[in-house]
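Notes for the one structure printed next.
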Amino acid sequence: MIKVIALLRRKPGLTHEAFIAYYETRHAPLILSLLPGIADYRRNYVDRAGAFESPVAAIDFDSVTEMRFDDRTAYDRFLAHAARPDVAQAIAKDEENVFDRAATRMFVVDETPSSGLASPALLELAADRAIRDGLARFARVLDRKEWAALGDVFAEDLTFDYGLGEQAGIASLTDNMRRFLDMCGPSQHLLGSMTIDIDPGARTATSRIYVQARHQRPGDVNGPVFDSNGEYVDRWELRDKGWRIVRRDAIWQAQTGDPAIIWGKTSS
């Protein structure tokens, strides 16, 4: 998001209480009615009784106003609309009633929240979302055969067992995927009934999710299919590039249809 901060000084002769009352009941509603695309609009009124004054840089403003926009396009649209003569005139006329306009300062900032201060519940929520997104991404990587994107979900040093024995490394995982999916046509991996257990500290987790994978022959949309049904049990870690699977066990419970579609053998 794009965040804009404005430092605003009240009009001389206007009390602190009158400034807040006018801003909240007149000026803020006017801004929201005239200017589009403001996702969040907050007025932070300065409490001078609790302020730490500096002889070098005095606090010479009465509101720290924040506006957030979904993206740069929304912010540019806001600026273009504010520059329209009729809109600019209406805003300037109202500002004369509440602000010392010559003292106004407005700027765009890069907001960086401190992850170290996030609550445990917020960290767990973020981890849960990242793991869900990672598994959804994985299903699409397989069905689109975007093999280079497996690193978006799996760690380079992962270990795994897809029912063919213990293996390690993302290169081996890629070979395992391509061994079956490069020879078949369209596939669809449906994932559901997920459980996620996030460990204390929200840096490691375990997920379990059912999988149903359907495969067709190339160019044979009305032909036989091969279905694999089972469960992925994944161990996750929060790495420098985000959440990654470091261990996968694929537990297959049922397979139906023509196995030649992925195995390259004559079906029996």
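The values are calculated or read from the model by the stated rules, or taken from the named source; none is laboratory data. These figures come from a predicted structure and were not determined experimentally. As a convention, Cβ positions derive from the backbone with ideal geometry for all residues, glycine included, and neighbour counts pool all protein chains shown.
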Inset, instruction - Go through region 221-254 and give me each residue that's surrounded by 13 or more Cβ atoms within 10 Å (Cβ to Cβ) and either in contact with a His (Cβ under 7 Å, 6 or more places away or on another chain) or at pLDDT below 90 (or both). - result: PRO224, VAL225, PHE226
Inset, instruction - Could you look through region 162-185, keep only residues that are surrounded by 15 or more Cβ atoms within 10 Å (Cβ to Cβ) and not hydrophobic (A, V, I, L, M, F, W, C), and pick out the one that is nearest to ARG214 (Cα to Cα)? - result: GLY185
Legend entry - Within region 200-232, considering residues that are within 21 Å of the chain's Cα centre (by Cα) and part of a loop (DSSP other than H, G, I, E, B), the one farthest from ARG140 (Cα to Cα): GLY201
Inset, instruction - Mind listing just one residue for me: the one in region 66-121 that is under 30 Å from LYS11 (Cβ atoms) and part of a loop (DSSP other than H, G, I, E, B) and, of those, modelled with the lowest pLDDT? - result: GLU111
Inset, instruction - Quick one: which residue in ARG248, ARG235 is within 31 Å of the chain's Cα centre (by Cα) and either part of a loop (DSSP other than H, G, I, E, B) or within 21 Å of ARG179 (Cα to Cα) (or both)? - result: ARG248
Inset, instruction - Could you list, in sequence order, all residues of region 129-148 that are more than 22 Å from ILE196 (Cβ to Cβ) and touching a helix residue (DSSP H, G or I) at 6+ places or on another chain (Cβ under 9 Å)? - result: ASP143, LYS145, GLU146, TRP147, ALA148
Legend entry - Check on ILE198, under 24 Å from GLU166 (Cβ atoms) and assigned by TED's automatic domain parsing to the domain that holds GLY185: no
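So which of VAL56, VAL46 ends up being crowded, with 16+ Cβ neighbours inside 10 Å, of a type in the set (Val, Ile, Thr), modelled with pLDDT under 95 and more than 19 Å from ASP110 (Cα to Cα)?
Residue meeting the stated conditions: VAL46.
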Legend entry - Subset of region 129-146 that is more than 18 Å from the chain's Cα centre (by Cα) and in a helix (DSSP H, G or I) - its residue that is surrounded by the fewest Cβ atoms within 10 Å (Cβ to Cβ): ARG144
